[in-house]
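Undergrad: Mind having a look at this structure? Questions to follow.
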Amino acid sequence: MSGASQAMHFKARAGDKLADRILQGALKKAQPLFTAKRRKGMASLAADGLDFAAMRAAAQAIRQRVLDDLDVWLEIFEARAVAAGAEVLWARDGAEAARLIVELAQREGVRTVTKSKSMLSEEAGLNAALTAAGIRPVETDLGEYIVQLAQEPPSHIIAPAVHKTIAQVEALFAEAHGRPQLARTSADIPKMADEARQVLRRDFLAADMGISGANFLIAETGSAALVTNEGNGRMVTTLPRLHVVLTGIEKIVPTLEDFATLMRLLPRSATGQDISNYVSLLTGSRRDGDLDGPQKTVFVLVDNGRAGLLGGAFEPMLRCIRCGACMNHCPVYFALGGHAYGWVYPGPMGSVLTPLYTGLENALDLPHASTGCNQCGSVCPVGIPLPDLLHGLREAQNARGLRPPGERLTMRLWGWLARHPRSYRLLIRLAARYLHWLGDDDAAGRRIRIFGLAPAWTAGRDLPVGPGRSFFEQYAARKRD
Ligand code: SF4
C-alpha cells in the first residue's frame, strides 16, 4: 500500500458529504444516467442474442481460470511481452512501483510525463513521487485532468470527476488556463472539452514518457489492452519515446478470444456501449518500419496485496474488471460519492478491496457501508458475490476483536438467542410490546422519534411502530382464524 488512506474516517466524511448540497446535486443528476446506460447495454446484449447470465458465467470462468494458475499465466505473459520487445518489471507494492518508475524516468532524462487513467497510479501515490523527483505528471483523461486541477483524488473508477458540477469545472479551467470565468451550461461541455484538448496538446507533444494502465494483459500475445472513450489513451501510449504500463498482476487474460468475451460485458456494464470508442492492443515497442509507437515499452506489474488473496475466501474479488457497475447501482455510493470511502476504490468493490489492501484495522467502517440490497452483486459482470465478501470482512473484524466491545457482546447474545428458540421468542414478544409502548401518535401513524438503543439510526429518521405483537404471535393467530 502506498497512496495514503483516509478510510478510517468514513463516518465523519460521510456526514460531511451528506451535508454538501452541491455534491448531492451532482450525484442526484449522475445516478439515473449511469443506471440507464447499463440498462441500454443489457438490452443490446439481448438484441445480439446473448444472455447476461450465460455471458457472466463465461466471463467468471475466464477470470477464475487465470487466478487458479496466476503464476503460470504471468510467466507466459512476461515471456511473450519480452519476445515482442518490451521490458517487464515487478513491484511488491505501490511504493516500489513508484520508485521503479521514478528511477526509470530519471535514467532517461524525463521532465514531463503524460498519463492515461490508471487506478494503480493512485494506489502507488505515483503523481506525488514524480513531483517530488522534479518530474511533471500531467493527467490527460478529461475527468482525471479536472481532479488533478482540483488537487483531489478521483471519486469514481470510470468517471473520476462525477462529483463536480459544470460551474466548479469552469472555475478550475478559468484559473488554470488564465482566463476570466464564464457562465456555463451543459451545452458548453464540448467547448470546455476542446479547451482542455488544446492545453493538453502541448503536453502530449512535449512528454518524454507516457504512463497508462491496462484493462487487461493478454498472456497469448504479451499485449496490454486499453479500453477508453477518449483519444488521450492513444496519444499517451504512442507519442512519447517511453511508454510505461502500470497495472496489477491480476489483470491477465489467457487469450485474445477470452479478451473478446470480456469485452462483450465490460463496456456494456460500464457505459452501456456495445464497444468503447478506442480499443487498443499494445504489443512491444516500435519495430523497424513502424511509423509511430514508443522506442521503449516497460510493464510495471504490481502485487500490492493481490497475491495474498489467492486461494482464500476473498479471492473472487480479484476477478474484478473495474467496470464500475457495482458503485453505479449502490445506494450508499450515490448518497455519499467516492471521496467518503477515503482510498483509491469507492463503492462496494472499494469497501471490499480497501480493507484487504490496506489492512482490516485501517478501514473499520467500510465493510458496514452497505444496505445489503445486493444490487452490486446482481449487476457485477464477473459474478463477484460482493455482499458475501462484505459479510466475510465483518466476520473477520469480529474474529480479530476489531469491533467495539458493545457490538461484539450484542452479536454473541444474538448468536446465543438464535440457538435457543424459546428464549428468542420470549424476548421478541417482550420487545414487540416495549416498542409499541414507546411510540407516539401523529398524523402519519405511530412513530418512535428517538430510540435509545439505536440513537444514530433514529437521529435521521423515525422508526415506525409495530402492532405490539411479534411475527410468531401474528402468524399463529392467523393460522388459528
Ligand atoms: S466488482 Fe464487479 S461490478 Fe464492481 S467494478 Fe468490479 S467487475 Fe465491475
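Undergrad: Residue farthest toward the positive end of the dipole of the range 7-308, with Cβ of Lys/Arg at +1 and Asp/Glu at -1: which of Thr140, Ile218, Ala307?
TA: The residue sitting farthest along the positive end of the dipole is Thr140.
Undergrad: Let a ≥ b ≥ c be the square roots of the eigenvalues of the Cα gyration tensor of the range 1-126; is it rounded (a/c under 1.5), or, if not, prolate (a/b larger than b/c) or oblate?
TA: oblate
Undergrad: Non-local amide H neighbours of Val300 (under 5 Å, H modeled in plane, Pro and chain starts lacking H): which ones?
TA: The answer is Leu89, Val245, Leu246, Thr247.
Undergrad: Can you tell me what share of the DSSP beta bridges in the chain is antiparallel? A percent to the nearest 5 is fine.
TA: Roughly 35 percent of the DSSP beta bridges within the chain come out antiparallel.
Undergrad: Label-point separation (nm) for Trp416 and Glu473, each offset 7 Å from Cα along Cα-to-Cβ?
TA: Going by the 7 Å Cα→Cβ label model, 2.4 nm.
Undergrad: For the chain, give me every cysteine whose Cβ has no other Cys Cβ within less than 4.7 Å, ordered by residue number.
TA: Lacking a cysteine Cβ partner under 4.7 Å: Cys320, Cys323, Cys330, Cys373, Cys380.
Undergrad: So, one more: By average Cβ neighbour count within 10 Å, what is the ranking of 255-266, 111-122 from highest down?
TA: With the highest mean Cβ count within 10 Å placed first, the list reads 111-122, 255-266.
Undergrad: Report the calculated FRET efficiency for Gln295 and Asp440 (r = Cβ-Cβ distance, R0 = 56 Å), to the nearest 0.05.
TA: E(calc), rounded to 0.05, equals 0.15.
Undergrad: Something else now. In debye, nearest 20: dipole of the chain around its Cα centre with unit charges on the Cβ of K, R (+) and D, E (-)?
TA: Roughly 2020 debye for the chain.
Undergrad: OK, next. For Asp20 and Leu426 in the same chain, what is the full-extension length gain: residue separation times 0.36 nm, less their Cα-Cα distance, in nm?
TA: 141.7 nm
Undergrad: Here's something else I'd like to know. What number comes out for the charge environment of Ser276, summing +1 per Lys or Arg and -1 per Asp or Glu over other residues with Cβ under 11 Å away?
TA: -1
Undergrad: Let me ask another. Remind me, relative contact order of the range 288-411 in percent, using alpha carbon pairs under 8 angstrom and six or more residues apart?
TA: Computed value for the range 288-411: 23 percent relative contact order.
Undergrad: Next up: If you take every residue apart from Ile22 with its C-beta less than 14 Å away from the C-beta of Ile22, what net charge results, scoring Lys and Arg +1 and Asp and Glu -1?
TA: In short, +1.
Undergrad: Which of the trypsin sites (Lys or Arg not before Pro) found in the range 269-311 are loop residues per DSSP with 10 or fewer other Cβ atoms within 10 Å of their Cβ?
TA: The qualifying sites are Arg287.
Undergrad: As a test of understanding, state the convex hull volume per residue of the range 235-319 from its alpha carbons, in Å³.
TA: Here the figure is 138 Å³ per residue.
Undergrad: Here's something else I'd like to know. Pop out the ³J(HN,Hα) list for the range 229-240 in order, Karplus 6.51 cos²θ - 1.76 cosθ + 1.60 with θ = phi - 60°, rounded to Hz; leave Gly and Pro as x.
TA: 10, 10, x, 4, x, 6, 5, 5, 8, 10, 7, x
Undergrad: A further question follows. Give the peptides 219-232, 323-336 in descending order of average Cβ contacts within 10 Å, highest first.
TA: With the highest mean Cβ count within 10 Å placed first, the list reads 323-336, 219-232.
Undergrad: Which of rounded, prolate, oblate describes the range 406-480, given a ≥ b ≥ c as roots of the alpha-carbon gyration tensor eigenvalues and a/c under 1.5 marking rounded, otherwise prolate only if a/b is larger than b/c?
TA: oblate
Undergrad: Here is a follow-up. If the only charges are +1 at each Lys and Arg Cβ and -1 at each Asp and Glu Cβ, what is the size of the charge dipole of the range 212-322 around the Cα centre, to the nearest 20 debye?
TA: For the range 212-322, the charge dipole is close to 220 debye.
Undergrad: Please list the non-local residues whose amide H lies under 5 Å from the amide H of Ser223, H modeled 1.01 Å from N, same-chain partners needing a gap of 5 or more.
TA: Under 5 Å from the amide H of Ser223: Ile218.
Undergrad: While we're here: Hand me the trypsin sites (Lys or Arg not before Pro) from the range 328-416 located in a DSSP loop with no more than 12 other Cβ atoms within 10 Å, in residue order please.
TA: Answer by residue number: Arg400.
Undergrad: Same structure, new question: Would you work out if the range 7-308 is rounded, prolate or oblate? Take a ≥ b ≥ c from the square roots of the eigenvalues of the alpha-carbon gyration tensor; rounded if a/c is under 1.5, else prolate when a/b is larger than b/c, oblate otherwise.
TA: Oblate is the answer for the range 7-308, as a/c is 1.5 or above yet b/c matches or exceeds a/b.
Undergrad: Along the charge dipole of the chain, which of Ala150, Asn229, Leu360 sits closest to the positive end, that is, farthest toward it, with unit charges on the beta carbon of Lys, Arg, Asp and Glu (+1, +1, -1, -1)?
TA: Selected residue: Leu360.
Undergrad: Here are some pairs, Lys28/Lys251; Lys115/Lys251; Lys29/Lys164; Lys117/Lys164; Lys115/Lys296; which of them have Cα atoms lying more than 21 Å apart in this structure?
TA: Lys28/Lys251
Undergrad: Just grab the label-to-label distance for His177 and Asp388, each label 7 Å out from Cα along the Cβ direction, in nm (one decimal).
TA: Going from the His177 label point to the Asp388 one covers 4.9 nm.
Undergrad: Next up: Assign unit charges at the C-beta atoms only (+1 for Lys and Arg, -1 for Asp and Glu), then state the dipole size of the range 384-477 relative to its Cα centre in Debye, rounded to the nearest 20.
TA: 380 debye
Undergrad: Given a Förster distance of 56 angstrom, what is the FRET efficiency for Thr458 paired with Val199, based on the Cβ-Cβ distance and rounded to 0.05?
TA: Taking R0 as 56 Å, the efficiency between Thr458 and Val199 is 0.65.
Undergrad: Order by neighbour count: Trp343, Trp416, fewest other Cβ atoms within 10 Å first, most last.
TA: Fewest to most other Cβ atoms nearby, the residues stand as Trp416, Trp343.
Undergrad: So what are the ³J(HN,Hα) numbers for the range 379-395, from phi and the Karplus equation (6.51, -1.76, 1.60; θ = phi - 60°), rounded to whole Hz, Gly and Pro as x?
TA: Once rounded to whole Hz, the list reads 9, 4, x, 10, x, 7, x, 4, x, 5, 5, 5, 4, x, 5, 4, 5.
Undergrad: Sticking with this one: Taking +1 at the Cβ of each Lys and Arg and -1 at the Cβ of each Asp and Glu, which of Ala97, Leu282, Ser116 sits farthest along the dipole of the range 7-308 towards its positive end, judged by Cα position relative to the Cα centre?
TA: Result: Ser116, furthest along the dipole toward the positive end.
Undergrad: Return the loop-located trypsin sites (Lys or Arg not before Pro) in the range 1-92 (DSSP other than H, G, I, E, B) with at most 16 other Cβ atoms within 10 Å of their own Cβ; answer none if there are none.
TA: Within the range 1-92, the qualifying trypsin sites (Lys or Arg not before Pro) (loop, at most 16 other Cβ atoms within 10 Å) are Arg92.
Since every read-out is calculated from the coordinates, none of them should be taken as a lab result. Worth saying up front: this structure is predicted, and the values here are computed from it rather than measured. Glycine also receives a Cβ, built like all others from the backbone with ideal geometry; neighbour counts cover every protein chain displayed.
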